[in-house]
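Bear in mind these aren't lab numbers, they're just calculated from the coordinates by the rules spelled out. All of these numbers come straight from a predicted model, not from anything done at the bench. Cβ coordinates were reconstructed from backbone atoms using ideal geometry, including for glycine residues, and neighbour counts include every protein chain displayed.
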Amino acid sequence: MRVLYYFSLDPDSRIARLVLSEKMIDFTIQHEYPWKLSEKFLSCSPYEMLPTFVDNNGVCVSGILAITEYLEEICPDPRILGHTLKQRADARQIAYWFISEFKKDVLEPILQEKVLKRFESKTASAPNPNVMRNAMYDIPRFLDRVVYLLERRSYLAGRDFSIADISVASFISVLDYLGVLKWNNYSKTLFTWYVRVKSRKSFRPLLMDTISVIPPSRNYAKLDF
């Protein structure tokens, strides 16, 4: 059985899980925690990178970009990288923008302050308000562009659901879990698109994932709120 090594509050892990589900590939999840990686994971992943996917043939692929390309090759239908040359370029650009820039400027500082520091240090401390403020200040820079695209397209890279939608929704879902995304600050266009993505069959299992000491926000699992 194929295995996905996965941390539920890692958006890259969520992307991999959604791509596998969209392609209807059977797999099992091995839950991992960055502050305490299992020996089983460390023995199979030379890069110690989440997510990591292990195929039935023993091939081990680490990192979301490599996993996405690998899955598109072994299971090209349904396509998640786009149907036309322009769609594929747009989908990759948008996905990579979030996987690299949004992660660095927004998600990683917030996740570090609200989650990781609670487990990485023996002495618990409250989130640094300056770090949180700076990270949250950058959110509109990304989501305003997402709204701009959605006002002109059915999905982020065109008329078809793609890795762009999967990636952006995965990052938003982590912020939504942590309760730091203020929906009132954004247009109904963004909310409507997110609810549409959130309602997909592939997305529903994500809404059941929880970390016991960090419960999700009140509306996280609701399809409309």
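Here the residues ARG92, ARG133, ranked from fewest to most Cβ neighbours within 10 Å of their Cβ, fall in the order ARG133, ARG92. The DSSP beta bridges internal to segment 1-151 are antiparallel in roughly 65% of cases. The amide H of SER38, built 1.01 Å from its N in the peptide plane, has TYR33 as neighbours under 5 Å, considering only residues 5 or more places off or on other chains.
Overall shape of the chain was characterised from the C-alpha gyration tensor. The equivalent ellipsoid obtained from it has semi-axes of 25, 25, 15 Å, in decreasing order. Rounded to the nearest whole Hz, the Karplus-based 3J(HN,Hα) values (6.51 cos²θ - 1.76 cosθ + 1.60, θ = phi - 60°) of segment 209-216 follow the sequence 6, 9, 10, 3, 8, 10, x, x, with x at glycine and proline. On the basis of the beta-carbon distance and an R0 of 25 Å, ASP144 and CYS75 show a calculated FRET efficiency of 0.15. Dipole orientation for segment 85-201: of the candidates PHE119, LEU107, SER154, SER154 has the Cα lying most toward the positive pole (charges on Cβ; Lys, Arg +1; Asp, Glu -1).
In what order do TYR96, TYR137, TYR177, TYR220 fall by count of nearby beta-carbon atoms within 10 Å, going from fewest to most? Ascending Cβ contact count within 10 Å gives the list TYR137, TYR96, TYR220, TYR177.
Fully extending the segment from ASP55 to TYR96 would add 12.4 nm, taking 0.36 nm per residue of separation and subtracting the current Cα-Cα distance. Stretching ARG153 away from VAL213 to a fully extended chain increases their span by 17.7 nm, per 0.36 nm per residue minus the current alpha-carbon distance. For segment 43-56, the Karplus equation 6.51 cos²θ - 1.76 cosθ + 1.60, evaluated at θ = phi - 60°, returns couplings of 6, 10, 10, x, 9, 6, 10, 9, x, 10, 10, 10, 7, 4 Hz by residue, with Gly and Pro reported as x. Distance distribution note for segment 1-122: the fraction of Cα pairs above 23 angstrom is 34%. So for segment 132-216, what percent of the C-alpha to C-alpha distances run longer than 18 Å? For segment 132-216, the share of Cα pairs beyond 18 Å comes to 43 percent. For segment 85-201, the direction-averaged projected area of the alpha-carbon convex hull comes to 7.9 nm². A Förster radius of 25 Å, combined with the Cβ-Cβ distance separating ARG200 from LEU85, puts the computed FRET efficiency at roughly 0.45. The residues ILE80, ILE110, when put in order of fewest to most other Cβ atoms within 10 Å, stand as ILE110, ILE80.
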